[in-house]
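The values are calculated or read from the model by the stated rules, or taken from the named source; none is laboratory data. Note that the structure is predicted; figures quoted are calculated from it, not measured. Heads up, the Cβs are rebuilt from the backbone with ideal geometry, glycines too, and the neighbour counts pull from every protein chain shown.
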Amino acid sequence: MAITSKTKSRHKIQSMQVFLLLFLLFSMPAGYAMKKVQDLSRKRISDLSEVNIKAGIRKVDLSFNQISDLSPLDLPSTVKELRLDNNSISTLNGVIFTDNLTLLGLSFNPIESINSDSLPRNLEQLFLVNIGIDSLNGFNFNKNLELLSIGGNEFKSFNGNLLQTSIQTLFIGGNKFDDYEQVLIPDSIRNLEIGGINSSFDFSTLSLHSNLEVLDIDFIPLNSSDLATINLPPRLKELSFRFTNISDIDSLENIPESLELLDLRRCKIPAKERRRIRRRFKDRSNLTIRMKNQRL
């Protein structure tokens with residue numbers, strides 16, 4: 001049977017498709033092809049005994065449901081990430097989490113009490129936003145913990161040095177600190193989110209160590225005198241202000257040469273002040289400034 005030009009063309013296309021498939025497969029990051037997600041969020045689930053987590057799943061999302069009892073939870077050993085945010089969970093009693101979990105989200109649940117004994121032992125990321133806790137007494141975090149998010153709670157003081165872990169990312173915005181004299185940030189922190197405190201405060205009371213690389217300041221009305229009291233770390237790479245009123249950016253002094261990103265997209269900045277910002281940083285070629293979802 002003679003091979004026509006149309007047959008040759010079809011074989012060529014099939015060969016190219018196979019080559020492209022192999023290229024995509026081998027260019028994927030390690031473990032990408034194996035990653036599996038089971039999204040059970042917003043399914044109005046209230047009874048976990050009726051939920052079947054499939055074998056081989058690595059991430060399970062059960063957020064935004066009506067779950068109050070976690071005792072029927074049965075996770076395959078392959079599950080690494082579990083999101084239970086925005087449910088009706090009040091206790092972790094009777095729950096047996098697998099030690100393979102590296103991420104656990106419990107934010108926005110009315111949890112009455114919680115301690116490290118009720119948590120997985122090998123967590124790397126823990127989200128406890130707005131669950132009503134006022135201290136971390138009784139917590140003994142494992143050495144693997146890299147991220148802790150405890151914003152929106154009832155903390156009036158915070159001693160991060162008691163965490164006894166090499167945590168690098170800490171979110172503590174939205175608590176009830178009267179000032180930052182009672183907030184101790186561990187030297188291991190590289191990424192810090194603060195904010196949401198009382199309107200009368202002095203930023204100079206906040207001690208920011210020299211290793212800090214990313215700083216987010218949220219939900220604080222900032223005037224010129226407030227900005228002038230912020231002592232920025234010398235190695236800072238990213239600085240973000242979110243949902244704040246900034247009246248005079250020129251009051252923010254000693255901006256380090258290491259700064260690569262100044263994010264002001266979620267701030268209320270008058271047009272006149274935006275023009276002033278452009279002029280002030282026009283010679284900083286290594287600095288990206290973002291305002292109102294636009295890159296300058």
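Quick one: what pairs do we get from the stretch 156-171, first residue within 12 Å of ASN144 (Cβ to Cβ), second at pLDDT 80 or above and surrounded by fewer than 14 Cβ atoms within 10 Å (Cβ to Cβ), C-beta under 7 Å, 6+ apart or different chains?
THR165/LYS143; SER166/LYS143
May I ask you to verify whether GLU253 is modelled with pLDDT of 80 or more, part of a loop (DSSP other than H, G, I, E, B) and under 29 Å from SER188 (Cβ atoms)? Give the steps one after another, and end with the answer.
On the way: modelled with pLDDT of 80 or more: no; part of a loop (DSSP other than H, G, I, E, B): yes; under 29 Å from SER188 (Cβ atoms): yes.
Considered against the rule, which asks whether it is modelled with pLDDT of 80 or more, part of a loop (DSSP other than H, G, I, E, B) and under 29 Å from SER188 (Cβ atoms), GLU253 comes out as no.
Any chance you could count how many residues in the stretch 273-296 are at pLDDT 80 or above and over 20 Å from ASP218 (Cα atoms)?
Residues in the stretch 273-296 being at pLDDT 80 or above and over 20 Å from ASP218 (Cα atoms): 12 in total.
Where residues in the stretch 19-70 are at pLDDT 90 or above and at positive phi, which of them is surrounded by the most Cβ atoms within 10 Å (Cβ to Cβ)?
PHE64
Can you name the residue in the stretch 263-272 that is assigned to a strand (DSSP E or B) and of a type in the set (Lys, Arg) and, of all such residues, is modelled with the highest pLDDT?
Among them, the one singled out is ARG265.
Residues that are among the acidic types (Asp, Glu) and modelled with pLDDT under 90: list the strands (runs of 3 or more DSSP E) wholly contained in the stretch 80-140 that include at least 3 such residues.
none
Being touching a Ser or Thr at 6+ places or on another chain (Cβ under 8 Å) and without any contact (Cβ under 8 Å) to a residue 24 or more places away in the chain is the filter here, so list the residues in the stretch 54-75 that pass it.
ALA55, GLY56, ILE57, PHE64, GLN66, ILE67, SER68
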